[in-house]
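Participant: Below is the structure I would like to discuss, written out as structure tokens.
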Amino acid sequence: MREWILNHDHSDQAGQRRRGTVVQIIDGLGRGGAERLLALYAPELARQGFHVEVVVLQVRDGNPEAARLEEAGITVHLVPLRKLRNLGQIRRAIARIAALRPTVIHAHLEASIFLAGLASARLGVPVVATLHTLESPNGFNRQSLRLWVMNRMLANAYDRVICLSDAIREIARSRGLARAPLIALANGIPLPAR
């Protein structure tokens with residue numbers, strides 16, 4: 001994956017050379033931990049020379065983290081995806097992602113993991129996910145079926161699955177992700193400027 005990113009043409013429309021385009025996909029930009037984390041590190045990726053675009057699938061609590069991202073110069077695209085069974089919405093969402101010309105797609109949270117896996121397969125670009133939560137539904141129901149399908153997607157279609165600690169990585173392995181390309185990468189913290 002790293003070689004593909006390094007050898008791919010990353011010129012933007014103005015012909016400026018960049019390190020690549022990272023398309024971050026997240027279910028919503030409400031008041032959650034995954035949402036806040038994305039709002040913290042997406043601007044840092046941009047400062048490191050990456051072009052960053054954020055695709056959000058729904059409005060949650062007014063999407064307050066969208067304002068933080070936009071203040072930092074990150075474009076946020078609302079691409080509505082109400083139901084994962086709506087093939088028309090999925091096709092339109094993948095077309096919007098394709099128009100952003102991603103070098104890599106990074107998914108956060110459940111619906112985004114499904115969409116990013118499909119978009120990666122369609123566009124032929126690497127895809128990574130960050131596991132922010134680990135669900136453990138009881139019995140066989142709609143939630144357990146969604147989790148099973150998501151785990152199959154992560155294990156078979158993803159280039160990397162980021163766990164926020166070694167403990168989360170081991171729990172993920174024990175809950176059906178033993179074949180997934182799991183890595184542990186703890187959350188960073190912003191340090192004050194010196």
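Participant: Which one of these is free of Cβ contacts under 8 Å to residues at least 40 places away in the same chain and loosely packed, with under 13 Cβ neighbours inside 10 Å: ALA129, ALA193? Walk me through how you get there before you give the answer.
Facilitator: Working: ALA129 fails: loosely packed, with under 13 Cβ neighbours inside 10 Å.
Criteria check complete, one pass: ALA193.
Participant: On to the next question. Considering only residues of region 61-78 that are free of Cβ contacts under 8 Å to residues at least 24 places away in the same chain and either in contact with an Asp or Glu (Cβ under 7 Å, 6 or more places away or on another chain) or closer than 16 Å to TYR41 by Cβ (or both), which is least open to solvent (accessible area, probe 1.4 Å)? Spell out how you get there, then give the answer.
Facilitator: Our first condition is that a residue be free of Cβ contacts under 8 Å to residues at least 24 places away in the same chain; within region 61-78, this holds for 67, 70-71, 75, 78.
Pick out the ones that are also either in contact with an Asp or Glu (Cβ under 7 Å, 6 or more places away or on another chain) or closer than 16 Å to TYR41 by Cβ (or both) and you get 70-71, 75.
Working: GLU70: 103, GLU71: 156, THR75: 65 Å².
For region 61-78, the residue satisfying everything is THR75.
Listed here are the residues, each with its yes/no results for (1) among the hydrophobic types (A, V, I, L, M, F, W, C); (2) over 21 Å from GLY32 (Cβ atoms); (3) out of contact with any Pro (no Cβ under 8 Å at 6 or more places or on another chain); (4) at pLDDT below 90.
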site	(1), (2), (3), (4)
ALA107	yes, no, yes, no
LEU147	yes, no, no, yes
ALA157	yes, yes, yes, yes
ARG173	no, yes, yes, yes
ALA186	yes, no, yes, yes
ARG194	no, yes, yes, yes
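Participant: Considering region 82-100 alone, what residues qualify as being open to solvent by 10 Å² or more (accessible area, probe 1.4 Å) and either in contact with a helix residue (DSSP H, G or I) (Cβ under 9 Å, 6 or more places away or on another chain) or in a strand (DSSP E or B) (or both)?
Facilitator: If we filter region 82-100 for residues that are open to solvent by 10 Å² or more (accessible area, probe 1.4 Å), which is where we start, we get 82-92, 94-96, 98-100.
Correct list: ARG82, LYS83, LEU84, ILE90, ILE94, ALA98.
Participant: Can you tell me which residue is least open to solvent (accessible area, probe 1.4 Å) among those in region 151-172 that are closer than 17 Å to VAL125 by Cα and in a helix (DSSP H, G or I)? Break it down stepwise before answering.
Facilitator: First, pick out the residues of region 151-172 that are closer than 17 Å to VAL125 by Cα: 153-161.
Still in the running and in a helix (DSSP H, G or I): 153-157.
Working: MET153: 34, LEU154: 0, ALA155: 15, ASN156: 96, ALA157: 40 Å².
Checked region 151-172; the qualifying residue least open to solvent (accessible area, probe 1.4 Å) is LEU154.
Participant: Right, here's the next one. So, in region 14-38, exactly how many residues are open to solvent by less than 20 Å² (accessible area, probe 1.4 Å) and more than 18 Å from ALA129 (Cβ to Cβ)?
Facilitator: 1
Participant: Then there is this: Residue pairs, Cβ under 7 Å, 6 or more apart or interchain, first in region 24-44 and in a strand (DSSP E or B) and at pLDDT 90 or above, second buried (at least 24 other Cβ atoms within 10 Å of the Cβ) and of a type in the set (S, T, N, Q). List them.
Facilitator: Within 7 Å, the pairs are ILE25/SER112; ILE26/SER112.
The values are calculated or read from the model by the stated rules, or taken from the named source; none is laboratory data. Given the structure is predicted, the values throughout are model-derived calculations rather than measurements. Every residue, glycine as well, gets a Cβ built from its backbone with ideal geometry; the counts of neighbours run over all protein chains shown. Side chains included, ligands, DNA and RNA excluded: accessible areas come from the protein's heavy atoms. Shrake-Rupley method; radii C 1.70, N 1.55, O 1.52, S 1.80 Å.
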